[in-house]
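Peer 1: Below is a structure I'd like to ask you about.
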Amino acid sequence: MDREAYLRRWRALHGGTHANALVRAWLGGAHALARPLARAAVPPTAITLAGGALAVLAAAVVVAGGRGGAAAVAAGALLALAGIFDNLDGAVAVMTGRTSRRGALLDAACDRVGDAACAVVLWACGAPAWLVLLAGGTAQLQEYLRARAQGLGVDDVRIVSVAERPVRLAIAASCAAATAVVVHLDWATLGAGVWAVLGTIGLVQVATAVGRRL
């Protein structure tokens, strides 16, 4: 499956959601990385589980290792790798024609675990618990609204918010690593604050879109 065919299939699976330039670039990168995995017949579920495990491992590493230092850098790297896996499972499933409701359910469950792991990483790196809970809560609520709408018969809310999962992973990964590189700034708190702001905006975007579709 070539890149354009993959993008068309992605839009069809997401209710015709428009993919802007940034989303197209992200999906194009996932397509390029997924092609060898698809050829090797790697099961999408294995990629999904690996991504979730990497996110949990990132949280465990930074909690055990303490704020800053090598543990924070390792956690950032693990979250970045988890983000790559998070996009590869869907790409491989689409390219091999192995999309399924069971796979979608597993993916959603691992994503929520991964979001919680991102919040734990920022907290372990020094962000206040209340701010981390706010940031993580907006993510969980946004995805709950999307899933609940689909349960009520909406095929897709047809919106890509400013706080989708790749954004959340990027914030947590970069800020965790930055705590060990630029020590005079509280990167964890900054990251949690940015996540909370974007998460609130994203939540409003999704809630508005859900309201219109219902």
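The values are calculated or read from the model by the stated rules, or taken from the named source; none is laboratory data. Computed from a predicted model, the values in this text were never measured in an experiment. A quick note on method: Cβ atoms are made from the backbone with ideal geometry, for glycine too, and the neighbour counts reach across all protein chains shown. Note: accessible area is taken over every heavy atom of the protein model, side chains too, but ligands, DNA and RNA are not part of it. Shrake-Rupley method; radii C 1.70, N 1.55, O 1.52, S 1.80 Å.
Peer 1: FRET efficiency for R9 and L214, Cβ-Cβ distance as r, R0 = 45 Å, nearest 0.05? Could the numbers behind the result be given before it?
Peer 2: Details: r = 26 Å, r/R0 = 0.58.
Result of the calculation: an efficiency of 0.95.
Peer 1: Could you compute the FRET efficiency for V181 and A40, with r as their C-beta to C-beta distance and R0 at 41 Å, rounded to 0.05?
Peer 2: Details: r = 36 Å, r/R0 = 0.87.
Efficiency at R0 = 41 Å is approximately 0.70.
Peer 1: Using only the alpha-carbon atoms, what does segment 36-101 span along each of its principal axes? Please give whole angstrom values in decreasing order.
Peer 2: 43, 22, 14 Å, listed from the longest principal axis down.
Peer 1: Just read off the accessible area of V113 with the full protein assembly in place, 1.4 Å probe, to the nearest 10 Å².
Peer 2: 70 Å²
Peer 1: With the crude spin-label approximation of a point 7 Å out along Cα→Cβ, what separation in nm comes out for V162 versus Y144?
Peer 2: About 2.3 nm, to one decimal.
Peer 1: Now a separate question. What's the ranking of 73-81, 27-35 by average number of surrounding C-beta atoms within 10 Å, highest first? List each step's numbers first, then the result.
Peer 2: On the way: 73-81: 22.1, 27-35: 18.4.
Packing order, densest peptide first, comes out as 73-81, 27-35.
Peer 1: Hey, in the GNM for the chain with a 10 angstrom Cα cutoff, which one of G151, G103, G191 fluctuates hardest?
Peer 2: G151
Peer 1: Taking all protein chains in place and a 1.4 Å probe, what share, in percent, of the accessible surface of the chain do carbon and sulfur account for? Kindly include the intermediate steps, with their values, before the conclusion.
Peer 2: Values: 6970 of 10300 Å².
Looking at the chain in its full context, I get 68 percent from C and S.
Peer 1: Continuing with this model, one more query. Would you mind calculating the relative contact order of segment 1-151 from Cα pairs under 8 angstrom and at least 6 residues apart, reporting the percent as a whole number?
Peer 2: On the way: 144 pairs, mean separation 40.7, N = 151.
Taking the mean separation of contacting Cα pairs over the length of segment 1-151, I get 27 percent.
Peer 1: Quickly estimate the mean residue ellipticity at 222 nm for the chain, helices only: each DSSP H run with n ≥ 4 gives -39500 (n - 2.57), and the total goes over all residues, rounded to 500. Intermediate results must be reported in sequence, preceding the final value.
Peer 2: Numbers: 8 runs with 171 residues, N = 214.
After summing the helix terms and dividing by residue count, I get -28000 deg cm²/dmol.
Peer 1: Among T48, A192, A173, whose Cα lies farthest out toward the positive end of the dipole of the chain, if unit charges sit on the beta carbon of Lys, Arg (+1) and Asp, Glu (-1)?
Peer 2: T48
Peer 1: Could you state the accessible area per residue of the chain in Å², with a 1.4 Å probe and every protein chain left in place?
Peer 2: Numbers: 10300 Å² over 214 residues.
Value returned for the chain: 48 Å² of accessible area per residue.
Peer 1: Right, another one. Taking semi-axes √(5λ) of the Cα gyration tensor in Å as the quantity of interest, determine which of (1) 41, 22, 15; (2) 38, 33, 14; (3) 29, 21, 14 was computed from the displayed structure.
Peer 2: (3)
Peer 1: By its C-alpha gyration tensor, with a ≥ b ≥ c as the square roots of the eigenvalues, how is segment 33-158 shaped: rounded for a/c under 1.5, else prolate for a/b larger than b/c, else oblate? Walk me through the numbers on the way to the answer.
Peer 2: Working: a/c = 3.13, a/b = 1.33, b/c = 2.36.
Oblate is the answer for segment 33-158, as a/c is 1.5 or above yet b/c matches or exceeds a/b.
Peer 1: Here is a further query. If you put +1 on each Lys and Arg Cβ and -1 on each Asp and Glu Cβ, how big is the dipole of segment 105-214 around its Cα centre, in Debye rounded to 20?
Peer 2: Values: 8 positive and 8 negative charges, 55 e Å.
Result for segment 105-214 is approximately 260 debye, rounded to the nearest 20.
Peer 1: Specify the angular offset, from 0 to 90 degrees and rounded to the nearest 10, of the alpha carbon long axis of helix 21-39 from the longest principal axis of the alpha carbons in the chain.
Peer 2: On a 0 to 90 degree scale, this one is about 80.
Peer 1: For the chain, with a Gaussian network of springs between Cα atoms less than 10 Å apart, report the residue from A149, A25, A53 with the top mean-square fluctuation.
Peer 2: Sorting by GNM fluctuation, first place goes to A25.
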